[in-house]
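For reference, the structure discussed in these notes is given below.
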Amino acid sequence: MMTIIVAMDENQAIGGNNQLLWHLPSDLKHFKKLTQNHVVIMGRKTYESLGKPLPNRTNVVITSNPKFKAVEDVIIHHSIKEALQFAKSKDDNPFIIGGGILYKETLNLVDNLEITLVETKIDQADTYFPSIDYSQWKKTKEEFHPMDEKHSYSFRFISFEKK
Ligand SMILES: NC(=O)c1ccc[n+]([C@@H]2O[C@H](COP(=O)([O-])OP(=O)(O)OC[C@H]3O[C@@H](n4cnc5c(N)ncnc54)[C@H](OP(=O)(O)O)[C@@H]3O)[C@@H](O)[C@H]2O)c1
């Protein structure tokens, strides 16, 4: 089993200027809860945007640059195939955590989608989730969170399984 986890807006925007487009503490908690103790696979740009490996997870970074250096406890791979083989050998449910390029390359390979749908449309985005053919996915869960003093947007946690 393999899962994509992503937060996107209503236009499927996920990032701008190599950063996230919102600060939603409950979504960060949700992300942490789901990915804790798993292998997380990310593109080089997402790794640089995070600035450091995520604690309590095995961090795998994909780059084509043979000279790319990361801190000691990050595992580097130079192809999706290699990275996924490694991840599956270590974990029965690795997570693809972005960004746009990685999502595009793996959307057809994963069994589950954990989508946080942020109820807005951000103008300044430059990175998007690929288009989803919903006829191939079955919604298994949906949880609504209203806007509040800590969350500038309302959002939904939506889980999908491949049909
Ligand atoms: N909203 C969310 O849930 C979410 C999650 C994650 C990230 N993001 C956002 O997404 C944006 C970054 O996404 P992005 O699409 O620009 O970049 P990305 O997918 O994070 O990283 C792209 C890089 O990964 C490497 N790569 C990808 N596929 C490869 C392959 N098959 N073989 C070798 N290397 C490969 C390449 O690195 P090299 O150039 O080094 O070869 C490529 O330039 C940021 O704004 C970030 O904040 C949002």
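If you take the Cα atoms of region 3-162, find Rg, then find the Kirkwood Rh from the mean of 1/r over all pairs, what is Rg/Rh?
For region 3-162, the value is 0.95.
For region 1-88, state which trypsin sites (Lys or Arg not before Pro) are in a DSSP loop and have at most 11 other beta carbons lying within 10 Å of their beta carbon. Could you put the intermediate results ahead of the total?
Working: sites: K29, K32, K33, R44, K45, R57, K67, K69, K81, K88; in loops: R57, K67, K69.
The qualifying sites are K67, K69.
Between exposed GluC sites (Glu not before Pro) in the chain, where DSSP calls loop and at most 12 other Cβ atoms lie within 10 Å, what's the longest gap?
The answer is 73-148.
Hey, what D do you get for region 75-125 in µm²/s if you plug the Kirkwood alpha-carbon radius into Stokes-Einstein at 4 °C and 1.567 mPa s?
For the chosen part, D equals 101 µm²/s.
Around T140, what is the net charge, scoring Lys/Arg as +1 and Asp/Glu as -1 over all other residues with Cβ under 14 Å from its Cβ?
It works out to a net charge of +1.
Amide H neighbours of I96 under 5 Å, at least 5 residues apart or on other chains, H built in the peptide plane: list them.
T3, I4, I5, I41
For V6, tell me the accessible area in Å² from a 1.4 Å probe, rounded to the nearest 10.
10
Considering only the chain, what is the antiparallel percent among its DSSP beta bridges, to the nearest 5?
50
Stretched out fully, how many nm does the piece from S79 to T140 gain, at 0.36 nm a residue minus the Cα gap?
So the extension gain works out to 18.8 nm.
Tell me the angle of helix 25-35 to the major Cα principal axis of the chain, expressed in degrees between 0 and 90 and rounded to the nearest ten.
40
Calculate the FRET efficiency for N108 and N18 from the Cβ-Cβ distance with a Förster distance of 30 Å, rounded to the nearest 0.05.
After rounding, the FRET efficiency stands at 0.75.
Relative to the first principal axis of the alpha-carbon coordinates of the chain, what is the inclination of helix 80-90, with its axis defined by its Cα atoms, in degrees from 0 to 90 and to the nearest 10?
Helix 80-90 sits at roughly 90 degrees to that axis.
What is the Cα centroid distance between region 123-163 and region 28-59, reported in whole angstrom?
Rounded to whole Å, the Cα centres lie 19 Å apart.
The values are calculated or read from the model by the stated rules, or taken from the named source; none is laboratory data. Treat the numbers as computed from the prediction; the structure is a model and nothing was measured. For neighbour counting, all protein chains shown are included, and Cβ atoms are generated from backbone atoms with ideal geometry for every residue, glycine included. Note: areas computed on protein heavy atoms with side chains; ligands, DNA, RNA excluded. Shrake-Rupley method; radii C 1.70, N 1.55, O 1.52, S 1.80 Å.
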